[in-house]
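The values are calculated or read from the model by the stated rules, or taken from the named source; none is laboratory data. Just so you know, these numbers come straight off a predicted model, no measurement behind them. Don't worry about glycine lacking a Cβ; one is built from the backbone with ideal geometry, like all the others, and counts go over all protein chains shown.
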Amino acid sequence: MADPIKFKGIDRIVYGVGDMASGIRFFNDWGLKRGASQNPSVMFQTLDGTEAELRPIDDPHLPPPIEEGSTLREVIWGVETEADLITVENALANEPSYVNRDGRPACVDPNGLAISFRVTQRREVMVEGAAINTFAHPNARVNQQSTFYNRAEPIEIGHVVLFANDVPAIQEFYVEKLGFCLSDSYPGSGAFLRCRAQGGHHNIFVLDAPDRGPGLNHVAFTVRDIHEVFGGGLHVDRCGWTTQIGPGRHPVSSAYFWYVENPCGGLAEYFADEDYLTEAWKPREIDRTNENYAEWGIGGGIDGHTRRQHLPT
Ligand SMILES: [Fe+2]
């Protein structure tokens, strides 16, 4: 049996974008930095070097789409060493869709999404969240105001969420071929998967959506703490972007969230304080209900100018 593949996480996501100018403006406002890129590609980076690449929707360099319109076209997963890449090649060599794309082992997953693999280009970064005074630890922060963020600076891309037709096949592919771990499930209709036994709750979540078919739900960007979720959400509201729901809190991963409509496709999410799992974690079967999606959440968001909830129009 081959050694397990040591994943770092998501290294790059690639969007095919109908309106490049809007997409560029969105990710500037979202808090990413521009990276080096070759026309017509536009590259953005999080603090640790995880990349979000925007390409025109009709760019022939893009893999085929899984849905109409602007959307995610490829996920590049980062592994730790060259030896891990060879293990990936061996694991995927029998896949009918296996190719070498720009020097990377690549294939199409059972959802039709292009995936490929490279030695990670992400950097170790140390960014501290705000210390929180709790009853048991009332002096984690002494004679010091907490942190207030004017805007977010995402640290990494934590996960992607996709609509799917065949969740069991996708789960089997990522677990059996690549060694991902099942973290939790909606039995028969949703699988939360993580690429490292020890790590954040999920790196990919696939959700059964037979009426709409495969597609992108959202890409999630990790920020330091709950305060940065709020600060980032308020800032993008002030920039004129539309909140779908947020702030709010997910029971399944415990994370705080804020979801914003992304002109590059689907939603973009700020999140913080997700559960960290290890080999000792036992996957749970969870009912697919609104209450299990959000303990609470503000539809339409908070107005960044008034700091009050958006009122229904
Ligand atoms: Fe998410």
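Here are a few things to note about the model shown:
- Scope segment 140-156; condition over 17 Å from residue 256 (Cβ atoms) and surrounded by 14 or more Cβ atoms within 10 Å (Cβ to Cβ); matching residues: 141
- On the stretch given as segment 1-51, residues that are part of a loop (DSSP other than H, G, I, E, B) and of a type in the set (Lys, Arg) total 1.
- Selected residue (criterion: farthest from the chain's Cα centre (by Cα)) from residues of segment 252-311 that are on the phi > 0 side of the Ramachandran plot and of a type in the set (D, E, K, R): 307
- Identity of the residue in segment 24-57, closer than 12 Å to residue 153 by Cβ and among the aliphatic types (A, V, I, L, M), that ends up surrounded by the most Cβ atoms within 10 Å (Cβ to Cβ): 32
- Taking strands (runs of 3 or more DSSP E) as the structural unit, those lying wholly within segment 68-127 and holding at least 2 residues that are in contact with a strand residue (DSSP E or B) (Cβ under 8 Å, 6 or more places away or on another chain) and of a type in the set (A, V, I, L, M) correspond to 71-79, 104-108, 114-119.
- Residue satisfying all of: in segment 286-296; farther than 30 Å from residue 22 by Cα and outside any strand (DSSP E or B); farthest from the ligand (Cβ to nearest atom) among these: 287
- From the options 36, 83, residue that is of a type in the set (A, V, I, L, M) and modelled with pLDDT under 95: 36
- Residues of segment 158-171 classified as of a type outside the set (A, V, I, L, M), away from the ligand (no atom under 16 Å from the Cβ) and in contact (Cβ under 8 Å) with a residue 24 or more places away in the chain, total: 3
- Number of residues in segment 266-285 that are touching a Leu at 6+ places or on another chain (Cβ under 6 Å) and more than 15 Å from the ligand (Cβ to nearest atom) equals 1.
- Conditions (1) surrounded by fewer than 22 Cβ atoms within 10 Å (Cβ to Cβ); (2) under 27 Å from residue 14 (Cβ atoms): number failed by residue 227: (2)
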